[in-house]
1. Inspect all residues belonging to the range 21-31 and state whether any of them is more than 30 Å from Ala186 (Cα to Cα), of a type in the set (A, V, I, L, M) and surrounded by 18 or more Cβ atoms within 10 Å (Cβ to Cβ).
2. Among the residues of the range 298-341, count how many are outside any loop (DSSP other than H, G, I, E, B), buried (at least 20 other Cβ atoms within 10 Å of the Cβ), under 21 Å from the mean Cα position of the chain (by Cα) and of a type outside the set (Ser, Thr, Tyr).
3. Please report, ordered by residue number, the strands (runs of 3 or more DSSP E) entirely within the range 2-84 with at least 2 residues that are assigned by TED's automatic domain parsing to the domain that holds Thr488.
4. Going through Thr361, Thr423, Thr366 one at a time, which residue ends up being touching a residue at least 40 places away in the same chain (Cβ under 8 Å) and either more than 19 Å from Arg69 (Cα to Cα) or assigned to a loop (DSSP other than H, G, I, E, B) (or both)?
5. Going by what's in this entry, would Val289 be described as touching a Gly at 6+ places or on another chain (Cβ under 6 Å), assigned to a strand (DSSP E or B) and over 19 Å from Gly38 (Cβ atoms)?
6. If a residue must be away from the ligand (no atom under 14 Å from the Cβ), more than 21 Å from Pro287 (Cβ to Cβ) and in contact with a Pro (Cβ under 7 Å, 6 or more places away or on another chain), how many such residues does the range 354-387 contain?
7. Considering Val252, Val227, Val222, Val243, which residue is buried (at least 24 other Cβ atoms within 10 Å of the Cβ) and either touching a Pro at 6+ places or on another chain (Cβ under 9 Å) or over 15 Å from Ala448 (Cβ atoms) (or both)?
8. Look through the range 438-468, keep the residues that are within 11 Å of the ligand (Cβ to nearest atom) and assigned to a loop (DSSP other than H, G, I, E, B), and return whichever of them is farthest from the chain's Cα centre (by Cα).
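The values are calculated or read from the model by the stated rules, or taken from the named source; none is laboratory data. Remember, it's a predicted structure, so these values are computed and weren't measured experimentally. Cβ placement follows ideal geometry from the backbone for every residue including glycine, while neighbour counts extend to all protein chains displayed.
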Amino acid sequence: MRADAAATYVVGAGSSGAVIASRATENPDREVVLLEAGPDYPDPARLPPDLRDGTRNAWTSHDWGFRYRQRRGAPRLPMPRGRVVGGSSAVNTCIALRGQPSDYDEWADRGLPEWSWDRCLPAFKRLEDDLDVANEWHGQGGPLPIRRHRPEELTPWQSAFLGACEELGFARCEDTNDPTTTGYGAHAMNLRRGERVSAAQAYLTPEVRARDNLTVRAETLVRRVIVKNRAVEGIEVDTRGRVEVLPARRVVLCAGAVATPGILLRSGIGPRREVARLGVALVADVPAVGRRMLDHFGAMIAFVPRRGACSVHAPLIQTCLRYRSHGATTDNDVMVQPGSFLQLPRGEVPCFTLMVCVGKTRGSSTLRFPSADPRAKPEVDGRVFAHPDDRAKAVEGLQIAGRCARSRAMRGLTHLGWPGRATMSSRAALGDWVQRFGGTAYHLCGTAPMGADGDPDAALDGRGRVRGVSGLWVADASAFPTIPSANTNLPTIMLGERFGAWFRAGAND
Ligand SMILES: Cc1cc2nc3c(=O)[nH]c(=O)nc-3n(C[C@H](O)[C@H](O)[C@H](O)COP(=O)(O)OP(=O)(O)OC[C@H]3O[C@@H](n4cnc5c(N)ncnc54)[C@H](O)[C@@H]3O)c2cc1C
């Protein structure tokens with residue numbers, strides 16, 4: 001492996017890092033070293049079965065083992081993050097949503113004109129090979145295949161859910177990535193014949209890996225970035241227990257919304273007091289690093305299926321309902337999704353679920369690193385549904401879910417299991433219940449946000465440059481200034497596409 005100071009070191013091979021490495025090295029004059037803590041499976045034929053299986057999450061085999069509390073004092077629950085080339089895209093549910101144009105126009109309104117919807121749309125089109133829809137909103141021939149389950153592929157529960165939404169009078173939606181649509185329909189998913197197509201599989205193909213100017217170095221944990229006189233000078237890594245410093249002048253952090261702020265803090269970049277608490281010498285006082293963590297919150301009701309109606313071998317998720325919640329100013333800020341069974345980290349339970357996911361959350365979680373040890377796990381206070389607006393949206397969503405379950409289409413398949421009828425019929429009781437039992441939807445982001453010059457809430461400028469340090473960028477979901485209303489994988493890959501194009505052209509120095 002070359003240790004070449006002229007190379008760009010990309011840290012983390014997930015939804016953005018894999019994309020940046022692939023796109024930047026399309027230019028033979030750009031050399032990239034992609035560093036990843038987890039293992040690599042360059043031969044698609046040797047991919048472990050759980051990473052291949054796109055019908056459910058892969059929760060444990062390639063996981064960082066992070067945990068969070070829903071609220072202070074609550075028990076600690078798993079907070080999965082992929083630790084493998086492909087990152088969380090290699091373990092996720094494969095739902096491929098972009099969010100709304102207003103999500104990106106909101107970024108532009110914060111002084112980041114580069115990130116308006118009109119300027120992000122070409123990258124959304126470039127990243128995909130939409131196998132179903134060819135129109136002004138979609139791209140064909142891109143790295144990531146996207147498809148929707150056909151009616152005959154749906155499980156009885158998923159198909160009954162669509163019937164229920166129709167009964168309730170919602171609009172039918174043929175394409176959840178057409179920004180003019182709302183309502184119910186099949187999810188867009190990055191699957192090929194039921195198999196997950198991660199960012200690694202889509203972007204780090206054997207042809208891309210064969211490039212002379214790309215090195216993928218797996219099982220290499222980045223401990224910190226070494227900065228001297230406010231410029232990047234090196235990167236300290238631990239490869240299977242061997243610690244060394246690689247000379248580096250350009251480092252792009254793509255380690256995800258939990259690890260990226262950790263690396264920054266260990267490198268002396270962050271709020272002065274936090275850096276001091278960790279016993280690290282201050283390099284740059286950047287108050288917005290790790291100050292808050294954005295997330296989508298979800299609440300799930302469970303149903304007892306009629307005998308024989310539920311199979312844990314079915315695809316977990318195939319369909320959804322998106323709508324504008326009461327009082328919201330933008331479309332599709334809440335989603336309801338049927339689960340064909342209940343997936344828990346320890347196994348699968350044969351019961352049906354309806355999950356409400358609040359997209360435009362107003363609340364946020366907090367992240368705290370106990371020490372500067374690169375292997376120390378952060379303490380996460382989820383503050384799930386602590387904000388009254390988020391709670392109100394969840395309650396409204398659960399009431400809609402309850403109405404779905406009582407519809408002609410669904411009621412023959414099941415009866416309510418949890419919570420009981422008393423909770424379901426009281427808004428106040430449901431409000432308490434979601435705060436107690438709601439959880440993360442695994443869409444962590446916004447821990448090192450981009451923002452306009454002078455914005456005290458920003459850690460980066462609009463091109464991902466870390467404030468006060470030259471040669472250092474953040475280009476993963478940490479950089480989101482606000483949370484997009486939909487699942488975060490596609491928005492992160494879009495970010496990777498844009499950063500990759502800038503690094504390829506040398507336009508981000
Ligand atoms: C179980 C689960 C289900 C999800 N389902 C969906 C879904 O269906 N649809 C959707 O849109 N989104 C989903 N998400 C969220 C989505 O996958 C993430 O938002 C997205 O992958 C984040 O991309 P990222 O590049 O920021 O981070 P990641 O993809 O997590 O990549 C970070 C990479 O950096 C590596 N890394 C971290 N620290 C270091 C270090 N110190 N040194 C070297 N390498 C390091 C990690 O191992 C990882 O490979 C899900 C997430 C999870 C965990």
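1. yes
2. 11
3. Here the list reads 8-11, 32-35.
4. Only one candidate passes the filter, namely Thr361.
5. For Val289, the condition - touching a Gly at 6+ places or on another chain (Cβ under 6 Å), assigned to a strand (DSSP E or B) and over 19 Å from Gly38 (Cβ atoms) - is not met.
6. Matching residues across the range 354-387 total 1.
7. Val222
8. Ala448
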